[in-house]
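Note sheet for the following structure.
The values are calculated or read from the model by the stated rules, or taken from the named source; none is laboratory data. Note that the structure is a prediction, hence the values are computed from the model and not measured. Cβ sites come from the backbone with ideal geometry, for glycine too, and all protein chains shown count toward neighbours. Side chains included, ligands, DNA and RNA excluded: accessible areas come from the protein's heavy atoms. Shrake-Rupley method; radii C 1.70, N 1.55, O 1.52, S 1.80 Å.
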Amino acid sequence: MNQKALTTLEFNKITAICRTYAASEMGRELLDRLEPLSEVEAAELRLSQTWEADSIYRRIGRSPIDCFSDIRGTLARIHAAYSLSMGELLEIAALLRVSQRAKTSLSAGNPEDVLVIMAQKLASHRDIEEEIGRCILSEEEMADSASPELSRIRRRMHLVNERVRDKLNSIIRNPNNQKYLQDPIITMRNGRYAIPVKAEYRGQIGGLIHDQSGSGLTVFIEPSEVVELGNEFKKLLLDEKREIERILSGLTALVAPYAQELGVSLTTLAELDAIFARAAMARDMRAVRPKLNREGRIRIVNGRHPLLDKDKVVPLSVNLGESFDTLIITGPNTGGKTVTLKTVGLFSLMAAAGYFIPADEGVELGVFDEVFADIGDEQSIEQSLSTFSSHMSNLVRILRGASDKTLVLLDELGAGTDPVEGAALAQAILEHLHAVGAPTMATTHYSEIKAFALTRAGMQNASMEFDVNRLCPTYRLFIGIPGKSNAFEISQRLGLEAKIIERAREFLKGEEIAFEDVLRGAEEQRRKAEEYSLSMQREYSEASALRAELEREKEKLQAEKSKLRERAKEDARQIVRSTRREMEDLIAKLRELKNIDAKALERAIQQSKDAMRVSEEKLMESMERDDAGGVPVKSVRSGETVYVASIHGNATVLKAADAKGMVQVQAGAIKLSVPLGDLREVKVEERPKPIKPREILTGVKQVELNLDVRGMTVDDASMQLDRYIDECELAGRKEFYVIHGKGTGALRAGLQQYLRRHPKVGSFRAGTYGEGDAGVTVVTLK
């Protein structure tokens with residue numbers, strides 16, 4: 001890619017922004033060398049890297065690459081050096097730590113992902129990292145525990161140091177020595193402990209003179225009492241230094257075999273750092289992954305130039321290379337034409353380099369061998385080049401290299417010379433670029449070029465909108481309509497006399513006036529269409545918002561309805577339980593009465609129980625219908641089963657609704673006509689068909705050998721059990737099985753509590769092996 005285009009389109013500024021997201025200097029170096037690629041596959045690989053890094057950002061909330069040092073120099077001389085310094089070894093440990101963390105974070109992804117494959121190159125030697133961390137505390141300090149010998153030496157140094165200080169403190173605190181001392185302090189001179197003595201009393205304190213003050217008034221003497229201890233301390237210092245060097249040499253030898261692996265890990269970390277920097281920048285720019293192609297197609301949807309204020313920039317939508325490959329942009333000065341060219345060019349460079357694009361989804365960009373850009377005024381006094389000459393020099397170079405694999409961006413084509421000749425030259429250049437198939441975008445003010453584009457297949461006009469009323473550009477691009485001059489309107493708004501403007505119009509040729517009138521009409525129609533479109537969009541948005549609000553209200557009402565229904569069901573159950581208890585109490589009292597026909601009493605009790613049971617069943621059935629939603633039917637077919645709300649039961653449709661909306665149905669043996677609005681859908685639940693138990697035939701009715709209440713609530717199961725007891729009593733059965741299942745045991749406990757109070761139950765027990773164990777209760781009646 002030619003450097004002139006990179007500079008003109010300010011690709012280097014994108015690099016500068018991305019550098020701020022890198023964690024390491026090596027990562028920033030790689031970003032500095034990152035340039036657009038000319039192969040689609042290679043560019044797609046970079047985009048995939050950025051995409052995967054963005055996915056990891058979303059998963060863990062940060063970059064997995066921490067800061068690390070550039071230790072290429074250290075690794076290069078690791079075999080030649082006797083030992084590395086403590087700082088260098090700490091940098092190696094930090095590299096291993098960063099590598100391990102990055103490898104752990106990245107390896108959790110898809111094994112086929114590019115970044116996961118790269119993570120396998122990262123070195124992971126926890127033992128080396130921990131050994132260095134154990135021995136070295138900082139760049140200047142070795143840990144006492146680095147070796148037993150070092151620990152012994154430092155303990156001895158501490159003891160000697162304490163003895164020296166004790167002796168020196170006794171000397172400086174001795175009242176007889178106070179007059180000889182310049183200050184009662186202990187100091188170090190040339191690695192030896194000393195005390196400051198007045199020069200005239202140097203003979204009064206025996207010992208070695210190690211230094212004197214600049215004025216000569218003070219000498220620093222190591223008293224003879226501590227000379228031997230000082231010598232020992234000096235020897236211990238040398239022993240400590242030798243032991244530290246030995247430890248460093250051992251750690252260097254531990255690391256040396258992995259120098260090449262560490263080099264690969266260092267390079268990989270730098271590459272990953274640059275990739276995650278691109279992803280971090282994309283997130284801040286709200287950028288998307290572009291689709292790449294080799295055919296030179298460009299489609300940008302609400303693109304935002306990344307170097308402009310993201311809160312003020314007007315989004316740009318443009319396409320090129322589909323129905324046309326040459327786009328001529330006209331419009332007022334400072335209207336955004338140049339920014340449009342730079343945005344398209346910069347986006348193409350960014351995509352080819354692996355950067356995401358600050359735009360909406362749907363962006364597609366071509367990958368080009370070269371991007372040529374002639375933008376801006378490049379006149380040169382030193383080279384005696386005018387504006388026109390400068391542009392023409394660039395155009396000569398561009399025309400020599402232009403092909404269907406290059407993108408050409410030309411600003412103010414044909415400007416800087418005679419308008420007639422400039423316009424003719426511009427048309428010839430555009431025709432040549434179109435002939436070689438080079439996707440081209442050019443800006444101009446010449447009406448001749450606008451008309452030229454209208455008459456050529458594969459070329460298209462576009463314009464930057466200008467608000468004449470406010471005398472300012474809107475920076476919006478409209479493709480398909482050439483821009484109008486607006487010179488007369490602007491001049492009139494600024495106060496130029498009307499007669500001068502009218503005189504200026506007389507100088508225009510008739511065809512020029514007609515062309516401007518056509519443009520004015522087209523612009524007016526476009527504006528009206530846009531206003532209508534915006535109006536429709538607003539109405540659609542308002543309708544969508546209203547629909548969403550109604551849906552929320554509907555859901556709220558449904559939730560409240562469900563809550564009220566549950567409350568009503570619970571109230572109904574309470575009433576049923578209370579009524580059943582009162583009835584049992586009343587029955588018990590009636591049975592205690594004497595002088596009453598027992599058989600007649602039992603018949604009356606049974607009739608009352610049956611009546612009550614029917615009422616309970618209707619109540620529960622009604623509540624179940626409410627729970628099912630009670631969806632009204634819109635139409636019915638003959639033979640269909642429906643729920644009839646007025647009779648609280650199911651019926652079969654005999655005839656569909658007539659003209660009056662009446663439907664003929666049959667419920668049992670009864671045929672009747674009901675309104676269509678009285679019918680509800682019947683929801684049939686598909687359940688496995690249970691195995692039909694053996695039945696016995698009595699003179700009264702058939703009674704099953706057992707009662708299955710699995711899946712019921714305690715209240716519903718108690719109601720079924722009460723009815724079953726009555727049926728068994730009438731049938732003459734004395735023993736039966738209640739199948740309630742094991743589960744949590746709540747249903748079993750509730751039913752057994754009910755059986756204890758039932759007056760007709762003699763005893764009950766849990767099932768034995770072969771009967772169902774704890775999942776069955778065997779009941780014996782009195």
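Would you mind putting 248-254, 347-353 in packing order, based on average other-beta-carbon counts within 10 Å, highest first?
Highest-to-lowest ranking by the protection proxy: 347-353, 248-254.
Can you check what the net charge comes to around Ser107, using other residues whose Cβ is under 14 Å from the Cβ of Ser107 (Lys, Arg +1; Asp, Glu -1)?
+1
In nm, to one decimal, how far is the Asp70 label point from the Asp166 one, both placed 7 Å along Cα→Cβ?
Using points 7 Å along Cα→Cβ, the separation is 5.5 nm.
Take the Cα gyration tensor of region 234-290, multiply each eigenvalue by 5, square-root it, and list the three semi-axes largest first, rounded to whole angstrom.
Over the Cα atoms of region 234-290, the semi-axes work out to 47, 15, 4 Å.
Kindly rank 554-562, 182-190 from highest to lowest mean number of other beta carbons found within 10 Å of each residue. Kindly include the intermediate steps, with their values, before the conclusion.
Numbers: 554-562: 10.7, 182-190: 13.3.
In decreasing order of mean packing, 554-562, 182-190 become 182-190, 554-562.
What do you get for the angle between helix 419-436 and the principal long axis of the chain? Use alpha-carbon atoms, 0 to 90 degrees, nearest ten.
60 degrees
Grab the beta carbon distance between Val396 and Asn12, set R0 = 35 Å, and tell me the FRET efficiency rounded to 0.05.
0.85
Kindly provide the helix-only [θ] at 222 nm of the chain, computed as the sum of -39,500 (n - 2.57) over DSSP H runs of four or more divided by all residues, to the nearest 500 deg cm²/dmol?
-17000 deg cm²/dmol
Binning at 10 angstrom from zero up to the longest distance, how are the C-alpha pair distances of region 701-782 distributed in percent?
Percent of pairs per bin, in order: 19, 58, 23, 1.
Angle, helix 746-757 long axis vs. longest principal axis of the chain, Cα atoms, 0 to 90°, nearest 10?
30 degrees
Tell me, in nm to one decimal, what length is gained between Glu140 and Ala749 on full extension, where the rule is 0.36 nm per residue of separation less the Cα-Cα distance?
Roughly 211.7 nm would be gained on extension.
Order these peptides, 563-571, 322-330, 674-682, by their mean beta-carbon neighbour count within 10 angstrom, highest first.
322-330, 674-682, 563-571
Rounded to the nearest 0.05, what FRET efficiency is calculated for Ile501 and Ala424 with R0 set to 25 Å and r the Cβ-Cβ distance?
E(calc), rounded to 0.05, equals 0.30.
Need the full-extension length gain, Ala545 to Lys671, defined as separation in residues times 0.36 nm minus the C-alpha distance. One decimal, nm.
Gain in length upon complete extension: 40.5 nm.
With axes computed from alpha carbons, what is the tilt in degrees of helix 714-731 against the longest principal axis of the chain, rounded to the nearest 10 within 0 to 90?
The helix 714-731 is inclined about 20 degrees to the chain.
If you scale each eigenvalue of the Cα gyration tensor by 5 and take the root, what three semi-axes come out for region 186-268, rounded to whole angstrom and sorted largest first?
Equivalent-ellipsoid dimensions as semi-axes: 48, 16, 6 Å.
For a quick check: with amide H placed at 1.01 Å from N, whose amide H comes under 5 Å from Ser317's, ignoring anything fewer than 5 positions away on the same chain?
Asn302, Gly303, Leu477
Solvent-accessible area per residue for region 263-377 at a 1.4 Å probe radius, Å²?
31 Å²
List the relative contact order of region 133-227 as a percent without decimals, with contacts defined as Cα pairs under 8 Å and 6+ residues apart.
18 percent
In nm, to one decimal, how far is the Asp404 label point from the Ala659 one, both placed 7 Å along Cα→Cβ?
Label at Asp404, label at Ala659, 7.2 nm between them.
Figure the gain on full extension for Glu130 and Leu159 (residue separation times 0.36 nm, minus the Cα-Cα span) and round it to one decimal in nm.
Values: separation 29, 0.36 × 29 = 10.44 nm, distance 3.04 nm.
In short, 7.4 nm is gained.
Within region 105-147, name every residue whose backbone N is under 18 Å away from a label modeled 7 Å from Cα of Ala81 along the Cβ vector.
128-143
With the alpha-carbon atoms as the only input, what is the per residue convex hull volume for the chain in Å³?
Taking the convex hull of the Cα positions in the chain, it is 459 Å³ per residue.
Counting only protein chains, not ligands or nucleic acids, how are Lys121, Lys671 ordered by accessible area (probe 1.4 Å), most first?
Ranked from most to least accessible, the order is Lys671, Lys121.
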